[in-house]
1. List, in order, the whole-Hz ³J(HN,Hα) value for each residue of segment A:627-643 obtained from phi through the Karplus relation with A = 6.51, B = -1.76, C = 1.60 and θ = phi - 60°; use x for Gly and Pro.
2. Taking each residue in B:544-556, count the Cβ atoms of any other chain within 10 Å of its Cβ, then average. What number comes out?
3. Would you rank B:Phe94, A:Phe380, B:Phe83, B:Phe278 by solvent-accessible area, highest first, keeping every protein chain in place and using a 1.4 Å probe?
4. Could you run the Karplus curve 6.51 cos²θ - 1.76 cosθ + 1.60 with θ = phi - 60° over segment B:65-75 and give me ³J(HN,Hα) per residue in whole Hz, x for Gly and Pro?
5. Using only atoms on other chains, find how many Cβ atoms lie within 10 Å of each Cβ of peptide A:219-231 and report the average.
6. Show me you know the interface measure: the accessible area buried between A and B, both chains summed, probe 1.4 Å, in Å² to the nearest 100.
7. Report the calculated FRET efficiency for B:Ser191 and B:Leu127 (r = Cβ-Cβ distance, R0 = 25 Å), to the nearest 0.05.
8. Consider a paramagnetic label point 7 Å from the Cα of A:Lys444 along Cα→Cβ; state which residues of segment A:379-398 have an amide N under 16 Å from it.
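The values are calculated or read from the model by the stated rules, or taken from the named source; none is laboratory data. For clarity, every value in this text was computed on a predicted model and none was experimentally measured. Here Cβ is always computed from backbone atoms with ideal geometry, including for glycine, and neighbour counts include all displayed protein chains. For accessibility, only protein heavy atoms count, side chains too; no ligands or nucleic acids. Shrake-Rupley method; radii C 1.70, N 1.55, O 1.52, S 1.80 Å.
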Amino acid sequence: MRKTKQNLFRWPLIRIAIIESFTKLNPRYQIRNPVMFVVEVGSTLTTALLVYSFFVPIGESTSFTLQVCLWLWFTLIFANFAESMAEGRGKAQAETLRSSRKDIQAKKLTTSSRDSKITYIASSKLKVGDYVLVEAGDTIPSDGEVIEGIASVNESAVTGESAPVIRESGGDRSAVTGGTMVISDWLVIVITANPGETFMDKMISMVEGAKRQKTPNEIALNTLLSGLTLVFLLATVTIVPFSIFSAKVSAQGTPVTITIVTALLVCLIPTTIGGLLSAIGIAGMDRMIQANVIAMSGKAVEAAGDVDVLLLDKTGTITFGNRQATEFIPALGMDVKTLADAAQISSLADETPEGRSIVVLAKETYGIRERDIRAIGAKFVPFSANTRMSGVDFQDGRQIRKGAADAVDEYVQKQGGTFPNGIKKAVESIAREGGTPLVVAEGKRVLGAIRLKDVVKGGIKERFAQLRRMGIKTVMITGDNQLTAAAVAADAGVDDFLAQATPEAKLKLIRQYQAGGKLVAMTGDGTNDAPALAQADVAVAMNTGTQAAKEAGNMVDLDSNPTKLIEIVEIGKQLLMTRGTLTTFSVANDIAKYFAILPAAFLSIYPELSVLNIMHLSTPQNAILSAVIFNALIIIALIPLALKGIKYRPLGADILLRNNLLIYGLGGLITPFIGIKLIDTLIGEFLL
Amino acid sequence: MTVNGLLQIAIFLTVVGLLAKPLGNYIALVYDAKISGLSRLERLIYRICGVHAEEEMSWRTYASAVIVFSVAGFAVVFLLQLFQGFLPLNPQGFKGVSFDSSFNTAVSFVTNTNWQGYGGEATMSYLTQMMGLCVQNFLSAATGMAIMVALIRGFTRRNSKTIGNFWLDITHTILYILLPLSILLAIALVSQGVIQNFNAYRSVPLMQPLTYNDSSITQQVLPGGPAASQVAIKQLGTNGGGFFNTNSAHPYENPTPLSNFLELLAIILIPASLCYTFGSMVGDKRQGRTLLAAMLIIFIPLLMFCYYSEMQDIGSAGNMEGKEARFGVVNSALWATATAATSNGSVDSMHDSFTPLGGLVPLLLIQLGEVVFGGVGSGIYGILAFAIVTVFVSGLMIGRTPEYLGKKIEAFEMQMATLVILIPCSVVLVGTAIAVATDSGTAGVANPGAHGFSEILYAFSSTANNNGSAFGGLSVNTPFYNTILGVSMLIGRFGVIIPILMMAGALADKKHVPVSSGTLPTHGLLFILFLTSMIIIVGGLTFFPALTLGPIAEHLKSIK
């Protein structure tokens, strides 16, 4: 279901969306959105007026009423279309997921032993606590925990990643997901989810948007939009008595007709944001899915935008998993090149990442090329727990050893050499700075020390700086001691760190931040992360993680990529911003619409008001029609923006607000003046 | 516009600016209970009234206290009017006021509106003026300020179920703020010739007898009464109800340019100071200055526009119709703008006689919801509702659940803020629609055309927003208008107070969110501009159609 970067506007999706635009006209559906419901009532009213006008004159030409009526319905249909488009992609993905969930025959065991009796049972009948055997080639029938065996499993149905993963009993790799396939060996699993509650089921319903609830911010925004709708309803409906009175006292002209009042009402109420609101919400969830994150609720997505503190695991997120050599420190009177050369030779056959990094460092800094260890006639001495050193023995009897300082100290003393003071100091200072010192010796001579340290991933420091500008604090979590943790934290540029972290310490830290009014986000995979995940406001569980971790979190990252958290925050922010900017745009549009419709509506009563027709629209009818058409078309024009979300840049709050106010506030003010004038000109061209 | 005129405006604004900050900080000290020099007197008052001033109140209890207090105030003013014929201090022997007019006036003074359907010197006994209206001037002003303080506590308190004690708040407001200022102002006004006596009215011969349609007028009646004491508080407490019918245009209420300056100052002094009080109480003075700046950005251009429009009439003196010769155009325009902006409602010239665009200014200022300075207390809580909506929209625009003064703005706060903004707007529109659609509504219209419409629109705008000034020209002392305008004042006041107190309760209960660099700063130019645009756009969009049919149409007709 992933990485096939789907085009938003494919014909099959559009076709379904068009059909749904009409079925969604059902008033029972529309009433959930007060703004669009008012449009529907208005459209129905003008339709009734239109029919009525065939028999009785209503003070307005039938063709004008017909056109207004049509465009009001279009406004509604366009809004429905936007929502259906947003839902479309999710529905297509849900289809794919469903196909992998088809009912299969499961091998149910009577006891937890592999050798117990097997009965065949439909996977949909499995209950929590049932034992099931899965063998190579079988599809895992439901979510479960491995209790016996080890097997490689293809989880591409869930993650899209085709490389198989190992699943075994115990530890953090014991969770299996229904719908994935065992490719080798066998597993006995205990079922952990009842039918309809499996991970796959949850994913399907999330992707489909079936369980979509209104998020807190959406509810607040709806309140504001309903309030605005009510104000405009009163402002336009009262125009009828106002104009009747005015026509009487000015002794000329006709009161404003219902058609015009309805047109004005629909133009003024925030249809642009009202029509696109649910599309924006669905599209936000959808962007999460595109990022391969399954959010368990829309609320979690929104909370992601508000996060103040990110708790990040050091290993894998901030640093590469392993330590790497960064410096050669020669002993007094030794040439650094000699040291580098010896270090490289001793590491040539060392396949550990640390060993590889020494070879690479020697090559990069001193241009010492890799050699074939056999070609130079040397024999590799691998690391052993006994000697705590590794190295090479040459045929001429020379020996090079590298290892921990005390091991090498012992080694040179045995040979009658001494451990130089300078290197002792260097070793201490490396340790103090959070690195791991290795010492290299040739025979009784100590050549020097190598500094190994955690290497921070490229670009991560800049990323954290961005987050800081966004107002988000980063906290590194590590099991390392205080010294090492402080050094890595300084390198990575995190704001704070928690060293020697235990699950209890993590939980306490989260609670501390929350008590200070902060929203905390974290990632986790192990069962021991579960309490902290449950406490965090935004908790992203790795898909490779245990069942307990996945249940405790409110999002699951199918890629199991710890840096994903940053992306999640951005998607959350983007969702809120799209709503906010379109609201501003929608309200700012009203000013131009007033200038189009009001002079036209009141012209017969006070001809002097033509001064307010600052756009110089051709006729009163064209003016009103142009405003209504603009109002409908702007919804269509903004669908791509609503679905893709507005571009997010990590800038300070005030700069972001200024930019968005300029683009969407000022833009919203000016655009309709141009648009309405343009439509008026076109109507004039084609109808005259 | 003349240099002299502009200079007078500049001097006025400077003096307001100089006084607002110290007074605002002083008021903050009062509410933080740091001023209680008269504590023995205070304790005595509590003992007599039987209130427990140290008990903290939840928003419900606070709101009940406000309602009980207002109902009692209403009853006193209502009954005093009905039975004034049987009561002392009535040298003119005025009979009881009619039932509907008593209702209207009682509501009007309890809601701090001071809309007057009656003429003071021809209707009310001295006792009614003194014990009813003047007392209520203090009480309704203090109520508004108390509710503001309750809302501010909503922002400053954390995880608290209570928002203060209403009895304590009004007692402090009256004892330490309103009474001292009123006494000072009343004495200053008396020195200028504002009357303060219990004398019966006197008939004196006219210096220049008047002959009109064969009948000649040789006598003039000079009224008396305790005017200075009432004028002081009506100006300071944004009440605005005049002792005499023509309000501060009357020479006994406002005799000299100096008295005019002092009364003008009193109109705006407390509302402007409360911005500083707010900043000081929330512990961030920039927040208070932000509100003041937003108010000034709307106030000053509208003031200039009003002055400019009034100078566009015949002759170099400008439009002098309905204006007092001793004040002239600039002081009349200044007063009209200030009285409309602050929800005061007193007048020193007749707004009905302003040019269409000059008259549009007070009308618009009232329709913006009385948040440009606004009433004492009510101006601050009104503009805070706008600030909350602004914070919400801007919060969304930067992708973050909005916070204001460390409190998260969520669905409930939005509902309440929307109600606060929506209710007065709705009352104005619906009320005006009813009036223009019924015979009893249109019967009171004396002026033809668009101007008549403006008069009705002004009456509902003024009452629903608790301003109380009248465009004039509309006969409102009828059962229809007394009732509908009374109801409009009630909804406009309590329909706003209740959601404000509910919001205060909800905010106080929330925890505090610390500021980070992702928090939108709610001070500084950007926020000020967004807040002012929000106020203008909401008010403007709501009333644009109505204003088009009123002052705008009238203006465009007049330039043809």
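1. Each residue's phi maps through the Karplus curve to give 5, 5, 5, 4, 4, 6, 5, 5, 5, 4, 4, 9, 4, x, 5, 5, 7 Hz.
2. Details: counts 8, 15, 4, 0, 11, 14, 2, 0, 7, 8, 2, 2, 7.
Other-chain Cβ atoms within 10 Å of each residue's Cβ, averaged: 6.
3. Working: B:Phe94 35, A:Phe380 60, B:Phe83 100, B:Phe278 0 Å².
In descending accessible area the options line up as B:Phe83, A:Phe380, B:Phe94, B:Phe278.
4. Here the 3J(HN,Hα) series is 4, 4, 5, 4, 4, 6, 4, 4, x, 4, 4 Hz.
5. Values: counts 5, 14, 5, 3, 10, 10, 1, 3, 10, 6, 0, 4, 9.
Mean partner-chain Cβ count within 10 Å for A:219-231: 6.
6. Working: alone 30320 and 21580 Å², together 46830 Å².
Answer for the A-B pair: about 5100 Å² buried.
7. 0.45
8. A:398
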